[in-house]
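The values are calculated or read from the model by the stated rules, or taken from the named source; none is laboratory data. Given the structure is predicted, the values throughout are model-derived calculations rather than measurements. Please note: Cβ atoms are built from the backbone with ideal geometry, for glycine as well, and neighbour counts cover all protein chains shown.
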């Protein structure tokens with residue numbers, strides 16, 4: 001005897017709701033092959049196979065009208081399965097591309113998060129030791145420069161700090177080259193390096209006019225740790241850097257005085 005199912009039994013068997021099966025019947029998409037003497041819908045194996053095709057097409061987000069057209073065509077069950085397989089492969093490729101796009105977006109998001117203290121220490125080494133940071137905050141934490149620097153750098157990512165490190169290394173290398181070439185600190189080339197260093201501070205950390213930069217330069221020779229940091233790169237470099245900064249600040253003040261005089265005249 002051919003197996004048949006009522007609408008409730010078919011719903012339990014396939015997971016398709018009774019309400020959905022009633023809708024499919026109403027629009028002619030899946031009409032039961034038989035009715036019981038009490039006029040209950042009865043579905044046979046062919047109906048079950050058709051429902052399986054409908055469910056597969058619906059999972060591909062195909063509209064019911066299009067499914068009805070396909071099922072009304074000449075294709076047999078095997079051809080329907082081949083079509084569904086091709087559609088699934090295309091969907092898989094699309095999903096793979098979406099996953100890759102999400103991964104790239106996630107990587108960008110992660111890379112643009114603020115750098116951790118450990119990452120910053122990894123980049124700058126001993127120059128970023130915790131005790132140095134604590135001392136710096138104790139000495140300058142109430143100053144406008146410190147607050148401005150803290151506000152800017154709290155958003156810096158690891159990539160931002162790597163750029164800062166690369167800029168600093170280039171500036172220090174230029175100082176070393178100038179010193180070893182026998183240039184004087186008040187030479188145009190040396191002052192240009194000092195100006196470059198001042199602009200980096202101004203751009204990356206806090207407002208650094210020439211006179212403020214001059215005070216920093218004095219610290220490079222008054223604090224043994226700063227002196228050692230520079231002199232490890234080249235003997236006498238700390239004083240050369242300080243003198244170049246002072247010369248550049250003097251030059252900036254001279255130009256400022258000339259402009260002021262010109263305005264008066």
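What is the residue count in region 70-79 for residues that are over 46 Å from the mean Cα position of the chain (by Cα) and outside any loop (DSSP other than H, G, I, E, B)?
Matching residues across region 70-79 total 4.
So which residues in region 28-66 are loosely packed, with under 15 Cβ neighbours inside 10 Å, in contact with a strand residue (DSSP E or B) (Cβ under 6 Å, 6 or more places away or on another chain) and part of a loop (DSSP other than H, G, I, E, B)?
Passing the criteria: 36, 40.
Looking at (1) surrounded by fewer than 12 Cβ atoms within 10 Å (Cβ to Cβ); (2) without any contact (Cβ under 8 Å) to a residue 40 or more places away in the chain, which is the one condition that is false for residue 9?
(1)
Failed condition for residue 155, given (1) at pLDDT below 85; (2) in a helix (DSSP H, G or I), with all others met?
(2)
Please state which one of 211, 192 is in contact with a helix residue (DSSP H, G or I) (Cβ under 7 Å, 6 or more places away or on another chain), part of a helix (DSSP H, G or I) and surrounded by fewer than 18 Cβ atoms within 10 Å (Cβ to Cβ).
Just one listed residue meets the conditions, 211.
Scan region 180-191 and tell me whether some residue there is assigned by TED's automatic domain parsing to the domain that holds residue 153 and closer than 25 Å to residue 149 by Cβ. Walk me through it before giving the result.
To start, the set of residues in region 180-191 that are assigned by TED's automatic domain parsing to the domain that holds residue 153 comprises 180-191.
From what's left, closer than 25 Å to residue 149 by Cβ: 191.
So far as region 180-191 goes, yes, one or more of its residues are assigned by TED's automatic domain parsing to the domain that holds residue 153 and closer than 25 Å to residue 149 by Cβ.
Just to be sure, is residue 34 within 13 Å of residue 6 (Cβ to Cβ) and touching a helix residue (DSSP H, G or I) at 6+ places or on another chain (Cβ under 8 Å)?
Criteria not met by residue 34.
Taking region 226-246 on its own, how many of its residues are part of a helix (DSSP H, G or I) and either without any contact (Cβ under 8 Å) to a residue 60 or more places away in the chain or not assigned by TED's automatic domain parsing to the domain that holds residue 177 (or both)?
Matching residues across region 226-246 total 10.
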